[in-house]
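So the structure is just underneath, and the comments pick up after that.
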Amino acid sequence: MAEAETGSTGEAGEKTAGTRARFRGGLVKLLVAGAIAYSMAAGYMYLNQRSFIFVPSGELLTPEDKGLQNVSVELVEMADGTRTTVWTAEPAEEGLPTVVYFHGNSSNLSGRWQRFKMILDSGYGLYAPTYRGYAGSEGSPSETAIISDALEHFDRAAAAGTPIIVHGESLGSGVATAVAAERPDAGLLVLEAPYTALVDMAAASYPWLPVGFLMKDQMKTRERIGKVEAPALIIHGTEDAIIPVEHGEQVFQYASEPKELLIFEGAGHGDLWKRGLWDSVQDKWTGEQP
């Protein structure tokens with residue numbers, strides 16, 4: 001009897017050990033498969049990250065196509081030889097400002113024609129460049145290249161001798177902030193639905209990725225806005241589903257005086273102009289003049 005019991009116990013132990021070994025083997029395979037899948041996903045996001053940030057589309061139409069008869073189209077060569085398209089118009093009267101307008105991440109320059117018409121109807125001048133890689137311009141977009149181009153564009157616009165309003169829409173808010181931080185002669189900085197940083201938005205959207213390590217174009221508005229000497233007008237909507245209103249509120253906190261924050265109740269990401277953005281900009285500009 002003793003030998004039989006010993007044999008039974010031995011067989012049970014072997015079965016338990018075998019089960020444990022199979023479990024460990026299955027767990028290792030699962031972990032390896034998970035690691036491979038994670039690495040592939042992270043690699044895909046890393047290699048394609050700029051396609052998530054910069055989304056050019058559509059054909060660049062002419063100002064005439066949109067009824068903007070007094071707007072000229074220029075093909076401007078940047079310092080490295082890359083040519084970019086700019087829409088320009090002089091102010092209607094001496095002393096009125098020119099709006100240097102940096103657009104958002106999607107579509108192209110001609111998609112903003114209704115905004116440009118409102119600017120021009122006010123008598124203000126316009127200097128609106130399109131980014132590298134977007135319709136009408138050569139090259140490929142990146143934070144470094146776009147900001148470098150934007151500084152050149154500001155200098156070209158300012159050379160005409162008119163006061164300058166730097167306006168940044170969505171993606172362009174980071175570009176506009178970078179320009180105003182380097183150009184203290186800007187008369188007013190307008191940030192339309194700004195973000196604290198592109199890397200902050202990416203971290204919220206992809207918490208499973210080390211975006212701070214992987215992201216090339218982090219566009220840290222929160223680190224640049226405090227260097228801006230010009231008055232800053234920050235405008236955001238409470239129902240913005242693209243860039244939450246909290247980003248605008250935080251950018252305002254990081255900004256130096258003089259600054260103003262306008263929150264449009266019920267406004268989304270793309271309808272701030274319909275809610276009175278341009279009237280607010282004009283009021284701000286007029287109020288800042290001696």
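Derivation of every value follows stated rules applied to the coordinates shown; laboratory data play no part. Model, not experiment: these values are computed from the prediction. Here the Cβ is made from the backbone with ideal geometry for all residues, glycine too, and neighbour counts use every protein chain on show.
Whole-Hz Karplus values for segment 218-231 come out as 8, 6, 8, 4, 4, 8, 9, 4, x, 8, 6, 8, 5, x Hz, taken residue by residue from phi with 6.51 cos²θ - 1.76 cosθ + 1.60 and θ = phi - 60°; glycine and proline positions read x. In terms of surrounding Cβ atoms within a 10 Å radius of their Cβ, LEU171, LEU61 rank from fewest to most as LEU61, LEU171. Footprinting exposure proxy ranking of ASP149, ASP65, ASP271, fewest other C-beta atoms within 10 angstrom first, gives ASP65, ASP271, ASP149.
Look at the dipole of the chain built from charges on Cβ: of LEU75, PRO194, TRP113, the Cα furthest out on the positive end belongs to PRO194. Derived scalar couplings between HN and Hα for segment 53-62 equal 8, 9, 10, x, 7, x, 8, 7, 7, 8 Hz in order, rounded to whole Hz, by the Karplus curve 6.51 cos²θ - 1.76 cosθ + 1.60 (θ = phi - 60°), x for Gly and Pro. Multiplying the residue separation of ALA92 and THR144 by 0.36 nm and removing their Cα-Cα distance gives an extension gain of 15.3 nm. If you only keep lysine pairs separated by 8 or more in sequence, or across chains, how many in the chain come under 16 Å at the Cα atoms? Lysine pairs, 8 or more places apart or on different chains, close enough: 4. Amide H to amide H, with H built 1.01 Å from N, PHE264 comes under 5 Å of HIS236, GLY237, THR238, counting only residues 5 or more places away or on other chains. With a Cα-only, solvent-free Debye model of segment 57-288, what are the log10 I(q)/I(0) values at q = 0.07, 0.17 Å⁻¹? Treating every Cα as an identical point scatterer, log10 I(q)/I(0) equals -0.20, -1.31. Modelled spin-label separation between ALA79 and ARG22, with each label point placed 7 Å from Cα along the Cα-to-Cβ direction: 6.7 nm. Loop-located chymotrypsin sites (Phe, Trp or Tyr not before Pro) across segment 182-287 with a Cβ neighbour count of 10 or fewer within 10 Å are TRP208, with loop assigned by DSSP.
Summing Lys, Arg as +1 and Asp, Glu as -1, what charge do residues with Cβ under 12 Å from the Cβ of GLY168 carry, GLY168 excluded?
-1
Local charge for ASP65 was computed over the other residues whose Cβ lies under 14 Å away, with Lys and Arg +1 and Asp and Glu -1, and equals +1. A Förster radius of 35 Å combined with the Cβ-Cβ distance from ALA241 to ILE36 puts the calculated FRET efficiency at roughly 0.55. The order of SER51, SER137, going from fewest to most other C-beta atoms within 10 Å of their C-beta, is SER51, SER137. Beta bridges assigned by DSSP with both partners in segment 57-288 are antiparallel in approximately 30 percent of cases.
Around GLU192, under 14 Å between beta carbons, what's the net of Lys plus Arg minus Asp minus Glu among the other residues? Once positives and negatives cancel, what remains is 0.
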